[in-house]
Amino acid sequence: MRAIAALMICLGLGLAACKPAGGGPGGAAQGDMSLGSPTAKVTVLEFASLGCPICAKWNSDVFPGFKAKYVDTGKVRYTLKEFSTGDAPVAAAGFLLARCAGKDKYFQIVDSVFREEAPLLETDQNAAKRDRLVKIAQSAGMSEQQFDACTGDDAALKAFNDRVDAAAKQYSVNETPTFVINGKSYTGLIEGAALDKAIADAEAGAK
């Protein structure tokens, strides 16, 4: 089917593999998805891939508390910078699907793909991956036909690829997850006291 073909095409379009990866306020570029107050003193950019297991762990273990403590309270403006490390086809298809679902459901889809990431990465069968992604699409009110049209959109795939390349070059990011907090980079699973300190330092240094 067309969606399966799109998953295969992703491998041939220069999308990054697991480690190496090829502006508005706070570093958010046109097309980036953000949460929180645009006037927050602290901006957190997360460079993450839906095909990256460590990113999935941060999403499930850290992001809910981080969002409640900092984003929902207006202290932090959070922006997700889409990347394609790890399983590039899963990352591309998942992000395309999230964008097709619309801004209101974007982060819902991202969370759903992250939570399905383990079984998605455990199989090397594209049909099985497609079935799981279709179920995620359907949970957001999309039909299977809409899923196929979304993940088979060459222009959207090129736009995704361009965003990945531009962000990699601008920020010299070569692995995920990477966080840029008010301009300072942190690589890997930043959490707990280390994350609190990074945000506190950024807030203290903000004008």
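The values are calculated or read from the model by the stated rules, or taken from the named source; none is laboratory data. As the structure is a prediction and not an experimental result, all values here were calculated from the model. Glycine also receives a Cβ, built like all others from the backbone with ideal geometry; neighbour counts cover every protein chain displayed.
List of remarks:
- Selection count where residues are under 17 Å from VAL90 (Cβ atoms) and aliphatic (A, V, I, L, M), scope segment 34-68: 4
Residue-wise test of (1) at pLDDT 90 or above; (2) hydrophobic (A, V, I, L, M, F, W, C).
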position: PHE107; (1), (2): yes, yes
position: GLN125; (1), (2): no, no
position: ILE136; (1), (2): yes, yes
position: SER143; (1), (2): yes, no
position: ALA155; (1), (2): yes, yes
position: PHE160; (1), (2): yes, yes
position: PHE179; (1), (2): yes, yes
position: GLY192; (1), (2): yes, no
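- Every listed requirement among (1) at pLDDT 95 or above; (2) part of a helix (DSSP H, G or I); (3) touching a Leu at 6+ places or on another chain (Cβ under 6 Å) is met by VAL90 save one, (1).
- Tally of residues being touching a Leu at 6+ places or on another chain (Cβ under 6 Å) and surrounded by 24 or more Cβ atoms within 10 Å (Cβ to Cβ) across segment 49-77: 0
- The sole residue among LYS129, LYS105, LYS184 that is over 22 Å from LYS75 (Cα atoms) and either acidic (Asp, Glu) or surrounded by fewer than 19 Cβ atoms within 10 Å (Cβ to Cβ) (or both) is LYS105.
- Selection of segment 51-80 for residues being closer than 30 Å to LYS129 by Cβ and aromatic (Phe, Trp, Tyr) yields TRP58, PHE63, PHE66, TYR78.
- Whichever residue in segment 143-174 is assigned to a loop (DSSP other than H, G, I, E, B) and crowded, with 19+ Cβ neighbours inside 10 Å and, among such residues, is nearest to the chain's Cα centre (by Cα): VAL173
- For the residues ILE199, ILE109, the requirement of being over 17 Å from the mean Cα position of the chain (by Cα), in a helix (DSSP H, G or I) and among the β-branched types (Val, Ile, Thr) singles out ILE199.
- Odd one out for ARG130, checked against (1) among the basic types (Lys, Arg); (2) closer than 30 Å to SER172 by Cβ; (3) more than 18 Å from the chain's Cα centre (by Cα): (2)
- Residues in segment 44-83 that are more than 18 Å from ILE109 (Cα to Cα) and in a strand (DSSP E or B): VAL44, LEU45, VAL76, ARG77.
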